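Some notes on the structure that comes next.
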Amino acid sequence: MGRIYKKPVSMTKIAMRYCPGCGHSIAHRLIAEVIDELDIRERAVGIAPVGCSVFLDEYMDCDMIQVPHGRGCASATGMKRVRPDLIVFSYQGDGDLAAIGTAETIHAATRSENFTVIFINNAIYGMTGGQQAPTTMPGQKTTTNPYGREVKVHGYPIKVCEMLSALDGPIYLERVAVNNVPNVLKAKRAIKKAFQIQLDGLGFTLVEILSPCPTGWGVIPKKACEYVDEKMSKYYPLGVYKDLTKKK
Amino acid sequence: MKNMEKYKMGEKVLMKGNEALAEGAVRAGCRFFAGYPITPQNEIPEYLSWRIFEVGGTFIQSESEIAAINMIFGVAACGVRGMTSSSGCGISLKQEGISYIASAELPFFYANIIRGGPGLGNIAPAQSDYFQATRGGGHGDYRVIVLAPNSVTEMGNFPKLAYDLADKYRNPCMVLADGLLGQMMEPMEFNFDWVDPDKLPPKDYIVTGCKGRPRRIINTLHMIPSILEKHNWHLYEKYQRIEENEVRFEGCNLEDAEIVIVAYGTSARISTEAVIKGRKKGIKVGLFRPITLWPFPKKAINELADRVKKLLVVEMNMGQMVEDVEIAVSGKSAIHFLGRPGGSLPTGDEVLDKVEEILSKPASPERERGK
Ligand SMILES: Cc1ncc(C[n+]2csc(CCOP(=O)(O)OP(=O)(O)O)c2C)c(N)n1
Ligand code: SF4
């Protein structure tokens, strides 16, 4: 009997340093599996953000670049414009993509730059110690919302897929989650579709992944996975927000 | 393939400084431009918005200066000659990205066509960003090579020099000019042959997809202090090599000078008029013009101070390069200063008056403050 489960070729042997139950490690693995399956490792360049996943460049066995906080979509734009033959993906957290890097995200999307964004929505700033993210939900406690997010004071969260779907540029926007097996499988299908769209040269793709952050949320991993179902996916409904592949 | 070269080497053409800089960049192999509009550098993106497509390159009017510099980060990471330009506050916004690119040791070229500052300032020519340019500009210990043209011809030819230095040292290299150099028109000629970017030497540090080789990582995060310290000392050694090999300056009437004006860019050009007029009056005045502002011609100025006891630094600011001159001179000569900040220009006569005033008094070891 052959091996049915092994480390993807596009992953290095370096042990990940994420907290137990963190969604980043699952998302990394899904990207690596997709890169293997599409056989694009030797054409791929990944962009690591500033955030807990800043070490993505150690874990992916393909060419990688780590860029300033929030600027992944700008650097990806530059790379794809001068090397359209590369397969470029920008991996970004919610602080990175929807706070400091909001402008870069929206403008890359509206120009329909032909690269893929993997957007990790964990509703918190993991790396800096659990502060409010642009995606922190009303009532959710963070180290800078000790009494919970009060929308009158802190404003409403940003719903990235909904916001970007109002633009003409994006080709494919889907929100998925990595908190249980069926969701992980759906997440992988979405990532694969996004990369395939890039390979076909159609334009901007973004997959938003609702991702548990047990440490930032102050709960055990099992509870964090449940929280994604009970709270997060109520506020951020899963599904396809835009898919222009059928029309094109 | 159609001929992409617009002007022949040595051909005299009438051009604006900003357009010469843009054409010079294309001629030197630039195939990507990103930038955000700001006066007085708008002729650069406007020119490149059509010209760069003629040579198979790409132009993006970015959503901000921050986006522009990070696009350039990606372009430099792919080994392509990219460029951005801005002025004053726009260059301030780019500094985080420039610091990353300097740390990642990627080559690229950018221009600051300085306007009056601080704040929104004004759109008149100034030299108030000297400190920002020559001290790196952003966070952390790093340097960028700074070239200061003083004519439209140099505006056109310095992009080639900048790209070559950037590639040689794997370091950002900038042209520091001002609104006057950018906007004025004069005859210019290119002194270098058309560069075919496909024929440049290959780079073994860029990301191209890892086909047939181990993966490459471009990274500026070094969590362990001893490793970052090692990286800092590695950069330091590189900067020392640049200081040893790449200092550029020009002297005029220095041999018998009793007083030497030290000035760069537009203020050097204005001071040239003072030197010509002064010499006609029999005044022994010379001009020393730094062309690289970093590396600064410290040694040459120090040697000059062995025989010239009076120096006059002329700048379009409150006094920035004058501090580097003071360091270089180490108290050997008296240093005087004529500054016009805020987008004002000194005139040649004003400079000459100052020269005559200084010569009429005994040399004092203290630099006089203010105008
Ligand atoms: C310009 C800049 N501002 C702030 C920081 C500090 N910082 C590092 S990571 C981070 C937040 C990251 O949060 P997120 O993008 O949500 O990713 P996560 O860590 O949750 O995966 C911040 C604010 C920085 N590195 N650079
Ligand atoms: S803090 Fe949160 S996002 Fe960061 S590694 Fe831990 S669980 Fe993951």
*Per the helix-only calculation at 222 nm, which mean residue ellipticity applies to the protein assembly as shown, given -39500 (n - 2.57) for every DSSP H run of n ≥ 4 and division by its residues, nearest 500 deg cm²/dmol?*
-11000 deg cm²/dmol
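Go through A:179-185, A:17-23 and give me the packing order, highest mean Cβ count within 10 Å leading. Before the final figure, lay out the partial values.
Values: A:179-185: 15.0, A:17-23: 18.6.
Top to bottom by mean Cβ count within 10 Å: A:17-23, A:179-185.
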*Any chance you could check the stretch A:56-78 for residues losing 30 Å² or more of accessible area when the partner protein chains are in, compared with the chain on its own (1.4 Å probe)?*
A:57, A:63, A:64, A:65, A:66, A:68, A:71, A:74, A:75, A:78
*Per residue of A:38-46, how many C-beta atoms from partner chains lie within 10 Å of its own C-beta, taken as a mean?*
4
_Could you sort the peptides B:172-180, A:188-196, B:68-76, B:350-358 by per-residue average Cβ neighbour count (10 Å cutoff), highest mean leading?_
B:68-76, B:172-180, A:188-196, B:350-358
_With Cα atoms, 0 to 90° folded angle of helix B:65-77 axis to chain B main axis_ = 60 degrees
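Which FRET efficiency value, to the nearest 0.05, is calculated for residue A:14 and residue A:202 with the Förster distance at 30 angstrom and r the Cβ-Cβ distance? Display every interim value, and only then the final one.
Values: r = 33 Å, r/R0 = 1.11.
Efficiency for this residue pair is about 0.35.
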*the stretch B:197-240: C-alpha gyration tensor shape, a/c 1.5 cut-off, then a/b vs b/c*: oblate
_How would the stretch B:251-359 be classified by its alpha-carbon gyration tensor: rounded, prolate or oblate, with rounded meaning a/c under 1.5 and the a/b versus b/c comparison settling the rest?_
oblate
*Could you tell me what percent of the DSSP beta bridges with both partners in chain A are antiparallel, to the nearest 5?*
25 percent
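Whenever you get a sec, line up A:43, B:170 from highest to lowest accessible area (probe 1.4 Å, protein heavy atoms).
Details: A:43 100, B:170 70 Å².
Listed by decreasing accessible area, they come as A:43, B:170.
May I ask you to order B:246-259, A:129-142 by the average number of other C-beta atoms within 10 Å around their residues, highest value first?
Working: B:246-259: 16.3, A:129-142: 19.6.
Top of the packing list down: A:129-142, B:246-259.
I'd like the carbon and sulfur percentage of the solvent accessible area for the stretch A:163-248, probe radius 1.4 Å, heavy atoms only, ligands and nucleic acids excluded.
Reported share for carbon and sulfur atoms: 60 percent.
When Cβ neighbours within 10 Å are restricted to other protein chains, what is their mean count per residue of peptide B:48-58? Show your work: numbers first, answer last.
Numbers: counts 0, 0, 0, 0, 0, 0, 0, 0, 0, 2, 6.
Across B:48-58, the average partner-chain Cβ count within 10 Å equals 1.
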*Which whole-number percentage describes the relative contact order of the stretch B:13-199, with Cα contacts under 8 Å and a sequence gap of 6 or more?*
30 percent
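Where in the stretch A:133-213 are there GluC sites (Glu not before Pro) that are in a DSSP coil and have at most 15 other Cβ atoms within 10 angstrom of their Cβ?
Working: sites: A:150, A:162, A:174, A:208; in loops: A:150.
Here the GluC sites (Glu not before Pro) that fit, given the DSSP loop and packing criteria, are A:150.
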*Going down the table (B:12/B:203; A:192/A:246; A:6/A:186; A:80/B:16; A:141/A:193; A:80/B:211), which pairs top 24 Å between alpha carbons?*
B:12/B:203; A:80/B:16; A:141/A:193
*Estimated inter-spin distance, residue B:5 and residue A:231, nm [label 7 Å along Cα→Cβ]*: 6.7 nm
*Per residue, how much accessible area does the protein assembly as shown have with a 1.4 Å probe, in Å²?*
40 Å²
_Nearest-ten-degree value, helix B:17-27 long axis tilted from longest Cα axis of chain B_ = 40 degrees
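Calculate how many DSSP beta bridges within the stretch B:251-359 are antiparallel, expressed in % of all such bridges and rounded to the nearest 5.
Values: 2 of 16 bridges.
Of those bridges, close to 10 percent are antiparallel.
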*Which aspartates and glutamates, on any chain, are close to residue A:242 with Cα under 20 Å apart, when same-chain ones fewer than 8 places away are left out?*
A:94, A:104, A:113, A:162, A:168, A:174, A:200, A:208
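What quantity of accessible surface, computed with a 1.4 Å probe and excluding non-protein components, is buried in total between chains B and A, in Å² to the nearest 100?
Numbers: alone 15930 and 11210 Å², together 24460 Å².
When B and A are taken together, about 2700 Å² of accessible area is lost.
Within chain B, what whole-number % of the accessible surface is contributed by carbon and sulfur, with the 1.4 Å probe and all protein chains included in the calculation? Write out the running numbers ahead of the final one.
Working: 7900 of 14590 Å².
Using a 1.4 Å probe with all protein chains present, chain B comes out at 54 percent carbon and sulfur.
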*Within 10 Å of each Cβ in peptide B:206-214, how many partner chain Cβ atoms are there on average? Round it to a whole number, please.*
6
*How many percent of DSSP beta bridges within the protein assembly as shown run antiparallel, rounded to 5?*
25 percent
*Under 18 Å from the Cα of residue A:13, which aspartates and glutamates turn up, not counting those fewer than eight places away in the same chain?*
A:33, A:36, A:42, A:57, A:58, A:61, A:63
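Among the chymotrypsin sites (Phe, Trp or Tyr not before Pro) within the stretch A:93-160, which fall in a DSSP loop and have no more than 14 other Cβ atoms within 10 Å of their own Cβ?
Details: sites: A:115, A:119, A:125, A:147; in loops: A:115, A:147.
Hits after loop and neighbour filter: A:147.
The values are calculated or read from the model by the stated rules, or taken from the named source; none is laboratory data. No experiment lies behind these values; they were computed from the predicted model shown. Please note: Cβ atoms are built from the backbone with ideal geometry, for glycine as well, and neighbour counts cover all protein chains shown. Surface areas here come from the heavy atoms of the whole protein model, side chains and all, with no ligands, DNA or RNA. Shrake-Rupley method; radii C 1.70, N 1.55, O 1.52, S 1.80 Å.
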